[in-house]
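Below is one structure; the comments refer to it alone.
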Amino acid sequence: MVDKPDGKKKISIKINGEKTEYEEDIRVHDWKIGKAETAAGEEKLEDTGFDWNLADETPQPPKEYKKINYVSGKKKKNKKSFKNPFHDSINLIMSIIGAVVVGAVLGFGTLKVITNTDGEAAPAATLQDETSAGMTEGNESAGAVKLKELSTAILQGGVFSTKESLAAMQDTLTSKGISSASVEKDGQWFLLLGVSADVETAKLLGEDMKGDGVDVYAKDFQLGAKEIKASNNEKAFLEKANGLYAILAEESSNGVLSGKGNESAAGSIEPVLKEIEAIDVKGEPIVKMKESIVNAAKQSISLESSADAEKVQGDLLGYLETYSSLQ
């Protein structure tokens, strides 16, 4: 540092080998002068003052107002009320009583149903009597009954277009002691002279008749299924009687050829005969059929000759004739 005569000081600094000189003025601050300047500034502020100018804008109301319900934070004082100390106990007791009542009602109802179902059951003998009574009452209310097809082997004496011409032929055969039946089928009248369980046995029967000057033809014959008006009893009779017919046709045709009965067959005929005799029927055609099948069964049981067997054949022909006319 170099002092100069005018009182200023110079500073010499070397930067990258080059010498540079700077002059520095030393300022002396008088704090009294500063205080005077500050007081003058405050005085000036008091004289002039400061006006705040705010924008004169009128606030606009919001476009939409919504009502807001505020909940008061103040808690209402609960009024003191008397609490029944037995309230819970009463509710419990009432619930128990209700449960007991409901259980008793349900138990009584169940007991009554069981009593009505089991306690009033009729003994077996009574049930059988009621069944018989029901079958008897069934005769009074006839309804539609479907009959199955009835198949048999026959001796055919001819086919006629009218019943009158067939009746004339029957009169001739009756004079010779030959039983016959007329059956209408498919618009024609068939003259039947005998029945059998099979065609071979029917052919053997036909050989005997040819010796009496009667032309016959052995064949299978069917009476188709049909619906008739009958009671429940009559339906039961027809089902049993048709089954018995097949047995009697076989036994009677063999009896004609052999001249004797079959004791073993008689044992199977008797039980069915008793069942049929116990069935009460009212319709006139079915009453006639019952009479024919019962007579044929009784004769078969006591069959001892060819003549007895021919009587059985006559009753079976009458059964077929009436059966074909059922409506």
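Structure notes:
- Signed unit charges on C-beta, dipole axis of region 144-325, positive-most listed residue Leu166, Ser305, Leu155: Leu166
- Residues whose placed amide H lies under 5 Å from that of Gly158, excluding near-sequence neighbours: Leu191
- What the Cβ-Cβ distance of Ser165 and Ala278 gives, at R0 = 41 Å and to the nearest 0.05, is a FRET efficiency of 0.50.
- Cα-centred dipole magnitude for region 144-325, charges only on beta-carbon of K, R (+1) and D, E (-1), debye, nearest 20: 440
- Members of Lys185/Lys298; Lys240/Lys288; Lys185/Lys226; Lys210/Lys240 lying beyond 24 Å, as alpha-carbon distances in this model show: Lys185/Lys298; Lys210/Lys240
- Summarising the amide proton neighbourhood of Ser231: residues at separation of 5 or more, or on other chains, whose placed amide H is nearer than 5 Å comprise Gly143.
- Separation of the Thr172 and Ser325 label points, Cα + 7 Å toward Cβ, nm: 2.3
- Cleavage-rule hits (trypsin sites (Lys or Arg not before Pro)) in region 218-327: DSSP loop, at most 14 neighbouring Cβ within 10 angstrom: Lys260
- Using a probe radius of 1.4 angstrom, the carbon and sulfur fraction of the accessible surface of region 144-325 is 46%.
- Contour excess over end-to-end distance, with Cα ends at Ile96 and Glu149 and 0.36 nm allotted per residue: 12.0 nm
- Estimated dipole of region 153-205 in Debye, rounded to 20 [Cβ of Lys and Arg +1, of Asp and Glu -1, Cα centre]: 100
- Thr201 exposes around 20 Å² of accessible area when a 1.4 Å probe is run over every protein chain in place.
- Centroid-to-centroid separation of region 208-283 and region 185-207 [C-alpha atoms, Å]: 14
- Surface analysis of region 144-325 yields an accessible area of 49 Å² per residue, using protein heavy atoms and a 1.4 Å probe.
- For region 317-327, putting each phi into the Karplus relation 6.51 cos²θ - 1.76 cosθ + 1.60 with θ = phi - 60° gives couplings of 5, x, 4, 5, 4, 6, 4, 5, 8, 4, 10 Hz, in residue order, rounded to whole numbers and with x for Gly and Pro.
- Förster radius 30 Å - calculated FRET efficiency between Lys298 and Asp215, Cβ distance, rounded to 0.05: 0.40
The values are calculated or read from the model by the stated rules, or taken from the named source; none is laboratory data. Bear in mind that the values here come from a model prediction, so they are computed numbers and not experimental data. Reconstructed Cβ throughout: ideal geometry from the backbone, glycine too, with neighbour counts over all protein chains shown. When the accessible area is computed, the model is the full protein with side chains, heavy atoms only, and any ligands, DNA or RNA have been set aside. Shrake-Rupley method; radii C 1.70, N 1.55, O 1.52, S 1.80 Å.
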